[in-house]
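Step one of this worksheet: look at the structure below.
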Amino acid sequence: MHIRKQWKMKICSLVLCLTLLVTGLAYTPTARAEEQKTGTEIIVDNDNTGFTKSGTWNTSTYRAGYYGKNYFSASTTGATATWTPTIETAGYYNVYVWHSVVTGDGTIANNALYEIRHVDGSSSVRKSMRNAGGGWELIACERFAAGTDGAVKLTLDEDSGGAVMADAVRF
């Protein structure tokens, strides 16, 4: 039964990928969200062990609705922020990012790049940080091994369309 479910998930993933390639539509993780999850919920905030950054970042509390004590913002291309959870139980996890409240600010990224490293390799998704209402946004549902091999990396690149904010990620 377990092998049949694995093949079903691989076939569904293949059909989803082919559909996206043919239609040119963007990936929406809700198609796999019902597969969540083995294990318990894990939150890595920007001031926790498991969070690292490179490049130029500023600590901020300017925008309302941040998670925890603060968040980081970057406006220089090449800045990266990485959240690495300690997964106790291998399995599928929904991956969420926390967004502060942003309303109509054209200086904020409308095409932020998130890369998710998981058991099956890595996947990328682009998300807008503009007009965020504050709270968790689902970006993926992926399979993670126990340990610290999985991660989410936010990169400010030339296609981001503005500054990025790094706060918390929930697995």
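The values are calculated or read from the model by the stated rules, or taken from the named source; none is laboratory data. Bear in mind that the values here come from a model prediction, so they are computed numbers and not experimental data. Cβ sites come from the backbone with ideal geometry, for glycine too, and all protein chains shown count toward neighbours. Areas reflect the complete protein model, heavy atoms only, side chains present, ligands, DNA and RNA absent. Shrake-Rupley method; radii C 1.70, N 1.55, O 1.52, S 1.80 Å.
Data table
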{"item": "Å² of accessible area per residue within segment 77-131, as computed with a 1.4 Å probe and no ligands counted", "result": "42"}
{"item": "Loop-located GluC sites (Glu not before Pro) in segment 73-171 whose Cβ has at most 16 other Cβ within 10 Å (DSSP)", "result": "88, 158"}
{"item": "Two-site label geometry, residue 88 and residue 148: point separation in nm, points 7 Å out along Cα→Cβ", "result": "1.7"}
{"item": "Residue-wise HN-Hα coupling along segment 55-68, computed from phi with Karplus coefficients 6.51, -1.76, 1.60 (Hz; x: Gly, Pro)", "result": "x, 9, 10, 10, 6, 8, 10, 4, 8, 5, x, 6, 8, x"}
{"item": "Whole-percent carbon and sulfur share, accessible surface of segment 63-171, 1.4 Å", "result": "44"}
{"item": "Contour minus Cα-Cα distance for residue 115 and residue 69 (0.36 nm per residue)", "result": "14.1 nm"}
{"item": "Extension reserve of the residue 124-residue 101 stretch, reckoned as 0.36 nm per residue once the Cα distance is removed", "result": "5.9 nm"}
{"item": "Separation of the residue 131 and residue 48 label points, Cα + 7 Å toward Cβ, nm", "result": "3.0"}
{"item": "Mean separation of Cα contacts under 8 Å (6+ apart) over length of segment 99-171, as relative contact order %", "result": "43"}
{"item": "Residue 128 - accessible surface, heavy atoms, 1.4 Å probe, Å² rounded to 10", "result": "50"}
